[in-house]
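Structure, as structure tokens:
Where a number appears in this text, it was derived from the coordinates with a stated rule and is not lab data. Predicted model only: the values in this text are computed from it and were never measured. Cβ coordinates were reconstructed from backbone atoms using ideal geometry, including for glycine residues, and neighbour counts include every protein chain displayed.
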Ligand SMILES: Nc1ncnc2c1ncn2[C@@H]1O[C@H](COP(=O)(O)OP(=O)(O)OP(=O)(O)O)[C@@H](O)[C@H]1O
Ligand SMILES: Nc1ncnc2c1ncn2[C@@H]1O[C@H](COP(=O)(O)OP(=O)(O)OP(=O)(O)O)[C@@H](O)[C@H]1O
Ligand SMILES: [Mg+2]
Ligand SMILES: [Mg+2]
């Protein structure tokens, strides 16, 4: 049984059909790309999978369990985490708190412990902090741990978002345009980084991106949507040469720009 | 309940609702632009009524002494004068209390608390300067009582109802059709981008306060004409309730304020009226607030952004 | 420090200078200050052969219960007053009575008509009659005067005084005319200004009289709206109508209406007239009943202080002496009538029925217990 | 060593306040002012959980205070006082001393259950719409009490003073002050500890971005229920203490929006999300109200002006979202024992 | 010289984000500012349009320097005057479209200070020609547009202001490759029609292809300047900003 199975996912906003009959299967360790013109419904698909929106129709199965109808935090607890197209950090909170809070669903102590601060509480809190610092160190952010998230430059905020998603201990990581607002040099670093976390955390990664360099270089398979419908699915090589994709999305001189 | 009594209640509800609506429109105006719950609005309504009172007594005073001023002229002058002066009060408050906070980037709730303080200040300044005794509002509009088939109503009631509808339509058109109206709505969404459109933000905000305060003044004078008694705390309860009405209708939405205002008026009147209907005798008028607010609670629970409010779309 | 050594007697005044009924506070303050000025100008109060100046300490209770208790506590413990006059309305007087009783300090409420204010509280007195007395007075008057049998009531449910009186009236009326003779018993909440729904409901009944025990600021609203809605019932009221502001705000609309109260300003004679004239001369307004009652409460207190026959300077002892003296007051000749205290601390006194005529409060009838 | 600074400070305060009252070092008026300070601290700190940490705008705190006040008063009067409504005391007065805190807690629990009236709509409603729901609940509670004739309706409920007297008759101590002091400490302890835990910080994440919080595995509904129940419960505790204060009298008219706004003012004055700010502003505001008494009607002209000017100089309250220990790091020696533990945890 | 920035210094709280930068833009030019994250590009544009210090949310303030535009120092003007008096339009970072207004209202609001009704209609038609997607959605509320659609609207809005100088902050962010090229093509076109452009871009490859000249900004200092070819061939630029 594939880890993630999406069947006939369909979503309407009022009369607007944003996603139609979307299907996908992913295994542990896969790295899949999702591209398509602006407004094609990519972010909406992420929103449906993570429970932010409830699909009009269709199923999302994680290890055979249907996620539709679950609240977002339940889905995240089951192992799907994401980043956002426009950064949504908890701005006033410190970077460290941003990471720690994302471990909410892994906390064992209860309400009473959280007020009385017994030994069990301290043991666990220490562990949460240690892990958070480890994660931050991996991203080279440990010096910024006590800085308010909003004071970080854009690129670093993106990294905090990814670190925060990893803190939930996902098996599937959804990245929505992680390279937006990065310059080509930083994008190269990002690509390396994505591959590294896939290895280190043994994750499946699903990524939306308009930077073809990222998509074509690191994804094993790419899904292309337009007006909510899948128009192509294949390896980077196949997608690059697909005339429909070129027409709708890539344009003629696809790669000189990237 | 006979038809005449029912119609009477209906008319009462329309009038009472139109006061809520008129005041709620002022709330919504300011809220629609600054996302500021201008808790001082109820008290600006009071200020408007008092300014109207002073202008009217002054004019009536001269009229009595030497040359008579026709009553329609007194009414017009009172309304205009009160609108202008009350706008001045509103503008001053905006200038000295709200704007500095905005410019310092304070959390909007601090502005809300400041508004509460300004409201208290206005009330107690009135109390301290003018004394605790209530004032009788002069009869600017000669109240005529008409009775048609057992239903009694006054000309003032009809004027108030008509006025609130006219004001609503005018505001709606203003906000939807003019560039100033668009700019006002834009400010509520994103203050950073507004100046990039060449919009003088502070001037637009000032205009908002002028409109809001003028509406309050108008409401104040109408209130004085309909209920005849002014007191320093007359704006508190009606202000809070009008605010509630504005939110239930969908705050920031002109139609919402209107519908919310009338809805609250109708609920309040008909909870009392229903006790007359066989089978509902247990519904004593002491339950009025209880029932009215429970109904509002339910409406907001079912429709979390009020009747006309559009949720600010949280695109994920 | 107490009053003895410094030859000063401190009296606390716990009144609403702000809040819902701020004007009540204004009038009380004026009357109390006039009374004190009168005594001090005459060289002070003679107690057991010694002259004392009276010092009035005024605390605003903001028309709030908790503020009134705080104010009383301050007056008793911080300022060391000999006795407290106030609070005026029962909402504040009931809890403040407890504080004064606890702290063994005499208190006289001029205006609180709720039985609970003085109940089981030997240290607490009042200068006015009680609701259970006033209710029947009005019911009897309306029955005798007009021969009506069906009544409607409109009152503020959230306020102690109107609610209490409304219920007392209903009970008295139903005793006279049988159960169901009060055909409408309608309420509203403090601060409301629109009574059209309640009045329309009353209009639809066969009530012949509308009783509304409301304050001066609400009476004109109710009466005028009743007229605008075409109500034909006779409207009667209670002592809370007895304020000159009622006349000013209500104008012609109230002409001819009746209410029961403590005294009638128009046509008054003797000491009552002197007080009214002095007050009018000083403040340009006719004093309301709360002013007259405050004047009397101050007078009773001063009388009781004199009756102690001398102060020791020990505050606790003096307070006890004043309390005892208050309890023994007999036939005190106040401007609102003769008073004798019951063991509960309530005065036995008459009520008057006033008719509004030519924009004045005219004496119409008297009802004694 | 440092570990003992805080308990020592608390002990000194306790002995100072309670002992001082007992021995009449300061008179009953000042005891009353201290009592109000304590109650206001409980109200302000608890409301800060919702209005400061969670970023919602609750303006109906007085409603929950009323629930706590009535429930606990009815219980104490029924159990320990001779009363018109409930007849002679059910239990001997000596039981009142140990049972009083239990009753206060029952009142608090009742208030926290009433908090569900707000918590559940808060799943779908936010911001100013939720504010109206809290307002409506305030009105509903007030109006409901007014309609309950058995407990006095609008006339209010008396008899709590007798309970306190009976307690004092058994053993003479300033019982209410003692319990207020303990209640205040408990409130500060609960909110501070809860908000420093990773679990509790989810509440701040809700304030910053609720959708992101939900998507990052924070169970926002559970946290909202906890926050509202905790906050409303503590308001109920404050209500219970308040009801047994001087006069021993409560009245639905006390628990109006005006009371709620007073608490709101104290929260924002102190700073959203600052516990020490709330404490400072509760003490300062209570004191200000008393000190400005001589101004008469002008008191309420001066106070708003003072606050408006204050806001102009400190547009995010006295302490903003910081704690006193952030502003004066030296104070960590006294209050920072926990945080040190934290630092150890981090390294 | 149309715009000349001299020794501009800007602070956020105690942190100086611009340490006295100087550059200029000639009439009719396209000039690009490139630089890493946090270099101060957005700060520069926001300061020219006077958002800093007027918009409290941004929290910055100018501590020195001048911004001369047609012989006048912009630092003496209010933000809306920069638009209405001097005709400087801006596409802000993060789009910042008005979500509660319809697409059409967004575009019309941008003409707030314009009086030429006929020309406004013509410009509107042109915007719809460049971005047909916007015409399809012209009555939709702004906030429901997809990210890319919002970016189109932001550029469309700046076109409606019809300024002499257009400031663009990362106009290609989040756009599909076809659209990126479309937008750059449009920029070239409007430049040819006489609008001067100051462009901030992460996509340095494309930016340098479009621009005549460029500046490289590094942590608040201008470290390099030159024609586009010079910069594109500079090995350091290549390494740091072109991903090469
Ligand atoms: N909450 C919403 N209400 C109404 N329409 C919406 C909503 N969210 C998205 N849409 C519409 O659905 C379509 C798909 O939007 P979505 O955000 O998924 O696009 P996208 O593929 O992620 O585009 P981009 O690459 O520009 O981010 C768009 O046309 C958008 O306008
Ligand atoms: N409101 C703020 N408060 C504090 N520091 C800020 C603020 N805004 C920006 N900064 C800091 O100022 C510096 C310059 O920021 P700016 O946004 O101008 O960079 P940029 O070049 O536009 O970066 P990017 O490519 O990420 O958009 C950065 O170090 C940033 O962290
Ligand atoms: Mg998207
Ligand atoms: Mg930038």
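Across peptide E:143-150, the mean count of Cβ atoms from other chains lying within 10 Å of each residue's own Cβ comes to 6. Panel note: the C-alpha atoms of the stretch B:229-271, placed on their principal axes, show extents of 29, 26, 13 Å (largest first).
Given the -39500 (n - 2.57) contribution per DSSP H run of 4+ residues, what per-residue ellipticity at 222 nm results for the protein assembly as shown, rounded to the nearest 500 deg cm²/dmol? Before the final figure, lay out each step's value.
Details: 58 runs with 789 residues, N = 1534.
After summing the helix terms and dividing by residue count, I get -16500 deg cm²/dmol.
Helix C:90-102 axis versus longest C-alpha principal axis of chain C: approximately 30°, rounded to the nearest ten.
Where the centroid of each part is defined by its Cα atoms, how far is the stretch C:240-291 from the stretch B:168-192 in Å? When both Cα centres are located, 54 Å separates them.
Axis of helix C:160-177 versus longest Cα principal axis of chain C: the two differ by about 50°, to the nearest ten degrees.
The mean count of C-beta atoms from other chains within 10 Å of the C-beta of residues in D:139-145, rounded to a whole number, is 6. For residue E:223 and residue D:94, FRET efficiency with R0 = 56 Å and r from the beta-carbon atoms, rounded to 0.05? According to the calculation, E is roughly 0.10.
Give the peptides A:100-109, A:116-125 in descending order of average Cβ contacts within 10 Å, highest first.
Details: A:100-109: 21.6, A:116-125: 16.2.
Packing order, densest peptide first, comes out as A:100-109, A:116-125.
How high is the FRET efficiency between residue D:4 and residue D:189 when r is their beta carbon distance and R₀ equals 22 Å, given to the nearest 0.05? Computed FRET efficiency for residue D:4 and residue D:189 comes out at 0.85.
Using the per-residue mean of other Cβ atoms lying within 10 Å as a proxy for protection, in what order, highest first, do the peptides B:42-54, D:58-70, D:101-113, D:162-174 fall? List each step's numbers first, then the result.
Values: B:42-54: 26.4, D:58-70: 31.0, D:101-113: 21.5, D:162-174: 17.1.
Highest-to-lowest ranking by the protection proxy: D:58-70, B:42-54, D:101-113, D:162-174.
Tilt of helix A:119-138 relative to the longest C-alpha principal axis of chain A, in degrees (0 to 90, nearest 10)? Orientation of helix A:119-138: about 40 degrees from the principal axis. Take each residue of peptide D:189-201, count the partner chain Cβ atoms within 10 Å of its Cβ, and average: the result is 6. Between residue B:166 and residue A:146, the FRET efficiency estimated from the beta carbon spacing at R0 = 45 angstrom works out to 0.20.
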